[in-house]
Structures are given as structure tokens and as C-alpha cells.
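Report on the following structure.
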Amino acid sequence: MISRSGAEQIVARAPGRVVLIGDHTDYTGGLVCPMAIDRWTTVSGTVGGSRLSLTSDHESEALDIALPVDDPRLVSPAWGRYVAGVASLLGTSKGFTGRVRTSVPIGAGLSSSAALEVATALTLGFEGNVEELASLCQRAENTATGLPSGILDQLTSAGGVAGHALVMDCTTFAREPIPVPDDVWVQVVFIAQRQLVGSPYAERVTQCAAAEALIGPLRSASIHSIEEIEDPVVRRRARHVITENQRVRDFATAFRTCDLVGAGSLMVEGHESLRNDYNTSTPAMDRAVQSLVQRSDVYGARMTGGGFGGCVVALTQPGAEIPDAWVVRAAGGASRA
């Protein structure tokens with residue numbers, strides 16, 4: 001689109017996501033089951049000049065940097081590093097001035113950073129398929145922040161399917177859309193602000209790598225193989241990943257057959273594993289999950305995302321009134337207007 005002044009105008013948006021089952025499996029190439037949600041980050045503006053300048057409706061400090069970007073890790077403000085990481089990998093040299101708006105809660109574990117990266121890439125002219133877009137944005141985040149995160153968030157934001165959850169293989173990037181049953185609501189409750197950079201997240205990645213050095217890829221390891229791991233902490237980490245991969249398979253089957261009780265039970269099992277074997281839950285999140293699963297109109301609940309704070313997600317009967325919760329619906333993936 002061309003503005004009255006003759007400058008090229010671009011608008012792109014990308015959704016956040018919620019993980020129904022399958023946390024901390026993506027960076028070992030495992031299985032996940034997220035869905036893109038109807039909360040969006042939009043980047044809009046005009047092409048021109050030699051600087052990348054963005055204001056954000058949710059950040060007090062604007063981003064204004066020269067192009068091309070040499071080292072996104074040095075960019076200030078901190079939120080701009082996600083943008084700068086994308087620009088650096090794209091080799092962006094043509095300037096852009098614009099605005100960021102979002103309805104994805106920041107710091108809530110719903111992938112506001114991935115939505116920003118994906119929308120930015122489309123705004124800055126990325127051309128390629130969903131897998132390439134997700135891979136570029138994952139590398140941008142890894143480079144810009146030093147966080148060794150997997151591809152779950154970016155692949156969900158780029159490739160979401162309206163009305164469907166996604167069963168995704170984080171090695172092959174294969175995605176199978178699974179219809180979200182009509183007679184269920186997905187509700188999200190915010191518990192506490194969190195930031196994965198500086199959290200024990202990277203330690204968990206290292207521990208999984210240590211397990212794989214002993215028993216091979218966790219995506220294909222048997223549960224019996226963890227007995228070969230002497231370190232009890234590393235053994236627990238491996239147990240979570242192996243059992244969580246199986247929970248993703250079982251959850252997909254439950255959703256396909258509309259077995260909501262079974263799906264909810266798997267969510268609770270997943271939360272217990274994240275709490276006991278992976279130690280990424282918090283007392284507040286545990287209390288929230290316990291309170292939710294005691295209700296007769298809730299099929300299941302669990303923490304969602306990287307942990308150490310953020311949100312819990314609940315599978316409920318339609319019309320269930322959960323205090324301070326909001327209903328999210330499965331949305332389509334990123335797009336450029």
C-alpha cells in the first residue's frame with residue numbers, strides 16, 4: 001500500500017499462543033500441542049530512510065537504531081532486541097518507521113515476544129514459508145537474548161489454524177491441525193509476571209542435553225532408559241520430556257474423539273510433571289490449578305509456557321465463569337495486510 005506521500009505502508013500481525021500440552025519438549029525436538037490465540041501483535045508503518053524506528057503502545061521507550069544491525073544484543077530498549085534480531089538476520093538496510101500495538105499480555109507466558117518477532121519479519125519484507133519464517137524468528141530470539149529457546153512459539157504464531165490446536169513435531173516441523181471441540185472453552189488465568197531471560201530456563205536446556213548425551217534423543221527414548229542416568233535431577237528432567245511427548249500423543253487422540261475428560265486429565269498430569277520433575281511451576285500456579293480442577297465445570301488445568309510464572313490454562317465447559325479468566329479461541333497464523 002502506498003501513502004499519500006508516496007511512501008510504502010506495511011501492516012502485519014501475528015498471534016500469541018497457549019500451550020494445551022507439551023511444554024519443555026520443543027528444544028529437544030519433541031512433540032507439542034499449542035494453539036494460536038485471538039490476541040495479536042500488530043506492526044504498522046512506512047518504509048524509508050536508513051533507521052529502524054518503532055514506538056510501542058506498551059513500552060515507554062521507543063526503538064530507534066541505525067541499519068544494518070550489527071549486534072542486536074547491544075540494542076536498547078530491551079524489547080527492541082527482538083526486533084533488532086529479526087532485522088539483523090534479514091540483513092535489513094531499508095529503513096522503517098512505525099508503531100507496535102498488542103493485545104497479547106506481555107510477560108504472561110503467551111509468547112508476546114514471538115508474536116513481535118513474526119510480525120516484524122513480515123513487516124520488514126520476509127518472503128518464505130511458515131517453517132522458514134518460524135526458524136528465522138527463533139534464531140533471532142536466540143541471538144538477541146541468549147535464551148536457548150525452542151521453536152514452539154514462533155511456529156505456532158506463524159502457522160496457526162483458526163478453530164484448531166496444532167500437534168507439532170519440533171524436529172520435522174510437521175503440523176497436524178486438530179479441531180477444538182465445539183463444546184469446550186479454553187480459558188487462561190494470569191498468575192504472575194515473568195521473564196524467561198535470566199530464569200533457570202537455560203539450565204533446563206543444559207540438563208536435557210546432558211540426558212541425551214547418555215541415552216540419546218529424548219524424543220525417541222523409552223521411559224526405561226532413564227534408569228541409566230545416575231544424576232537424579234537430570235533423570236527427572238528426562239522423565240518429564242519423555243512422558244510429556246506421550247501426553248501430547250494421547251491428548252491429540254482425546255481431542256479427536258472429543259474425550260474432554262481424558263484431555264483434561266492429561267493436562268493435570270502434565271502440570272504435576274512440570275511441578276515435580278521439571279520444577280518450573282510456582283506455589284501460586286499450583287494453587288490456581290488445584291482450585292480450578294476442583295470445579296465440576298472444569299475438565300483440566302495446567303501451567304502453560306516456559307514457567308516460573310505466567311498463566312495457567314483451563315479446559316472448561318462452555319459458560320464456566322472462572323474469576324479473572326479470559327476465553328481464548330484458536331486463531332489463524334500471521335499475515336501481512
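Miscellaneous remarks
- Residue-wise HN-Hα couplings along the stretch 82-93, as the Karplus relation 6.51 cos²θ - 1.76 cosθ + 1.60 with θ = phi - 60° gives them from phi, are 5, 5, 5, x, 5, 4, 5, 5, 6, x, 4, 10 Hz; Gly and Pro carry x.
- Inter-label distance, Ser50 to Arg256: 5.7 nm, where each label sits 7 Å from its Cα along the C-beta direction.
- Pairwise FRET efficiency - Thr171 versus Ala202, Cβ, R0 = 25 Å, nearest 0.05: 0.75
- Label-to-label distance, Arg73 versus Arg329, with points set 7 angstrom from Cα along the beta-carbon direction: 4.4 nm.
- Structure-derived semi-axes √(5λ) of the Cα gyration tensor in Å - corresponding label in (1) 51, 22, 19; (2) 28, 23, 19; (3) 34, 23, 17: (3)
- Helix 112-123 vs. the chain, principal-axis angle (Cα, 0 to 90°, nearest 10): 40
- Using R0 = 56 Å, the C-beta based FRET efficiency linking Val233 and Arg99 works out to 0.80.
- A DSSP coil position with no more than 10 other Cβ atoms inside 10 Å describes the following GluC sites (Glu not before Pro) in the stretch 253-328: Glu321.
- The relative contact order of the chain comes to 25 percent, based on Cα pairs under 8 Å that sit 6 or more residues apart.
- Restricting the stretch 188-266 to GluC sites (Glu not before Pro) in coil, as DSSP defines it, with at most 12 other Cβ within 10 Å: Glu230
- For the pair Asp38 and Asp57, label points projected 7 Å from Cα toward Cβ lie 1.7 nm apart.
- Mean-position separation - Cα centroids, the stretch 63-98 and the stretch 141-196, in angstrom: 25
- Semi-axes of the equivalent ellipsoid of the stretch 79-162 are 17, 15, 14 Å, computed as sqrt(5λ) over the eigenvalues of the C-alpha gyration tensor in descending order.
- The stretch 55-145: GluC sites (Glu not before Pro) falling in loop per DSSP and having at most 11 other Cβ within 10 Å: Glu127
Read the figures in this text as sums done on the coordinates, not as results from a lab. Keep in mind the model is a prediction, meaning the values are calculated, not measured. Heads up, the Cβs are rebuilt from the backbone with ideal geometry, glycines too, and the neighbour counts pull from every protein chain shown.
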